[in-house]
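To keep things clear, I will list the structure first and then write my remarks on it.
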Amino acid sequence: MFKRDFPYFANSKTVYLDNAATTQKPKNVIDSQIEYYEKYCANTHRSSYGDANMATRKYENSRELLKEFINAKKSEEIIFTKGVTEAINMIADTFTRDYKSVIISSLEHHSNIVPWHMQGRDLTNGLKVVGCDNNLNFDFEEYENILKKNPNSFVSVTHISNAFGKIHDIKRVCDLAHKYESVVLVDGAQSLAHAKIDVQKLDVDFLALSSHKTFGPTGVGALYVKEKHLENMKPYQTGGATINEVDFNSSTLLNSPYKFEAGTQNIAGVIGFGEALKYINRIGYENIKTVEKDVYNYLNSELEKIPNIIFYNDTKDCIGSRSFNIKNISHDDIGILLDKMGIAVRVGHHCAQPIMKKLGIKGTIRVSTSFYNDYEDVNRLIKALKKALDMLS
Ligand code: PMP
């Protein structure tokens, strides 16, 4: 029923089940991109003529919308970035070097692993990985032990695993971290398409967000920084739009968020991100949750009937992604055949090689749903999957 809001579905026959990679965009988001380029294309925060003012107003309006959306205290706490990857790199580069330990979970995306390696950290030097049980549930006992031995750490964990759909209990992660004088960054790449985040209620210190996984344009995202940390964060890049005063010997910088947004930003993208948030507000998380959980459950019940299917976790505390393999059949081969039958899923390691290695596999077939997917999508997937398995057995 919600597909009618997304032009992609009127133009494509593909059964789109790759929402963890990127979501489709509703009409108001697409229209906002065209409107910016066709009607008031101008740079922000520089010139004072009408179109430039309009661009600045709309850009800043997205900041206000996001602030309200995640219940941040102040708009200064919202910094626009290229996406989650840039947000984590920004924090790794500007905030965390003095922390002796960085604690991550075993389900992290490469974007929350590689930046720590770039700091020279590994398992013998400052990087601690919290394990999980057989259903990929975060091991809170191990987490607390690590924190106890390493107070004043930087914790960086994903909210929802892109590869397996497992939801981490972020409130508990934050409460325990704060008990041991540590701070927490939440990788919220997969969050806002499925669940509300209230940064004050959860008490997160940093939250990295991605527009393109939240029904918005690609190449844009945001970093929320709790006000008290802003003064300890240095700019990641500097240059135009970040400065107060410059002469040939020195420069002084503006306050947050401007000192963190160097150069011309992805103006259309930020405006579109705001439109995506408006769209979610219009549908409401209660509706989103109800319909997507229903389809997710149906998907699982249908997949469970497939002979020789191998899952790596139960579906408790999961949403969005469901990963599996079929015994003795290559996931790559299945992916190729599903594509030929018009089914878009992702096969491979899903940028989460360490957990794949821990599970002893190279990758999985990942079906990732959004609230606009319906039973018909699941039925077509299952039909195609059965056909592919017949061909490959
Ligand atoms: N973390 C997770 C959990 C993700 O799913 C992704 C995207 N696949 C990223 C980080 C990177 O996000 P972005 O594309 O916004 O840089």
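The values are calculated or read from the model by the stated rules, or taken from the named source; none is laboratory data. Everything numeric here is computed off the predicted structure, so don't read it as measured data. Cβ atoms come from the backbone with ideal geometry, glycine included; neighbour counts cover every protein chain shown. When the accessible area is computed, the model is the full protein with side chains, heavy atoms only, and any ligands, DNA or RNA have been set aside. Shrake-Rupley method; radii C 1.70, N 1.55, O 1.52, S 1.80 Å.
Observations, loosely collected:
- Sequentially through segment 307-318, phi angles give Karplus couplings (6.51, -1.76, 1.60; θ = phi - 60°) of x, 6, 7, 10, 9, 10, 7, 7, 9, 5, 6, 10 Hz, Gly and Pro residues having no value and appearing as x.
- Extending 7 Å from Cα along the Cβ direction at Asp374 and again at Ile310 yields two label points whose distance is 3.6 nm.
- Accessible area (Å², per residue) of the chain, counting only protein heavy atoms and a probe of 1.4 Å: 44 Å²
- Trypsin sites (Lys or Arg not before Pro) restricted to DSSP loop in segment 315-351 with at most 11 other C-beta within 10 Å: Lys316, Lys327
- In order through segment 45-51: 3J(HN,Hα) via Karplus (6.51 cos²θ - 1.76 cosθ + 1.60), integer Hz, x for Gly, Pro: 6, 10, 9, 10, 7, x, 5
- Fraction of accessible area attributable to carbon and sulfur, the chain (%, probe 1.4 Å): 49 percent
- Selected from Asn300, Asn137, Asn112 as most flexible by GNM, with the chain as the system and alpha-carbon contacts under 10 Å: Asn300
- Pairs with C-alpha atoms separated by more than 27 Å, drawn from the list Lys27/Lys166; Lys148/Lys213; Lys100/Lys213; Lys179/Lys357; Lys171/Lys226, are Lys27/Lys166; Lys148/Lys213; Lys100/Lys213; Lys179/Lys357.
- Fluctuation leader among Asn281, Asn152, Asn61 - the chain, Gaussian network, Cα springs under 10 angstrom: Asn281
- Estimated at 0.36 nm per residue, the fully extended path between Lys362 and Thr290 surpasses their Cα-Cα distance by 22.6 nm.
- Between Lys74 and Lys13, the modelled label-to-label distance comes to 5.6 nm, taking each label 7 Å out from Cα in the direction of the beta carbon.
- Loop sites in segment 176-280: trypsin sites (Lys or Arg not before Pro), DSSP, at most 16 other Cβ within 10 Å: Lys196
- Selection from Ile91, Ile170, Val114, by position along the positive dipole direction of segment 76-209 (Cβ): Val114
- The mean sequence separation of alpha-carbon pairs under 8 Å and at least six residues apart, normalised by the residue count of the chain, gives a relative contact order of 23 percent.
- Rg ratio (alpha-carbon, reference 2.2 N^0.38 Å) - segment 291-393: 1.01
- Antiparallel %, DSSP beta bridges [both residues in the chain], to 5: 60 percent
- Among Lys305, Lys25, Lys383, the largest mean-square fluctuation in a Gaussian network model of the chain, built with springs joining Cα atoms closer than 10 Å, belongs to Lys305.
- Charge dipole magnitude, Cβ of K and R +1, D and E -1 - the chain, Cα centre, debye nearest 20: 580 debye
- Here the gap between Lys149 and Glu231, fully extended at 0.36 nm per residue and compared with their Cα-Cα distance, gives a gain of 26.8 nm.
- Debye equation applied to the C-alpha atoms of the chain, log10 I(q)/I(0) at 0.06 Å⁻¹: -0.25
- Karplus (6.51, -1.76, 1.60) ³J(HN,Hα), θ = phi - 60°, over segment 132-143, in Hz, Gly and Pro reported as x: 9, 8, 5, 9, 6, 7, 4, 8, 5, 5, 5, 4
- Point-to-point label distance, Lys278-Lys327, nm (Cα→Cβ direction, 7 Å offset): 5.4 nm
- Cut-off of 10 Å, at most 12 other beta carbons, DSSP loop: longest stretch of the chain lacking such GluC sites (Glu not before Pro): 1-180
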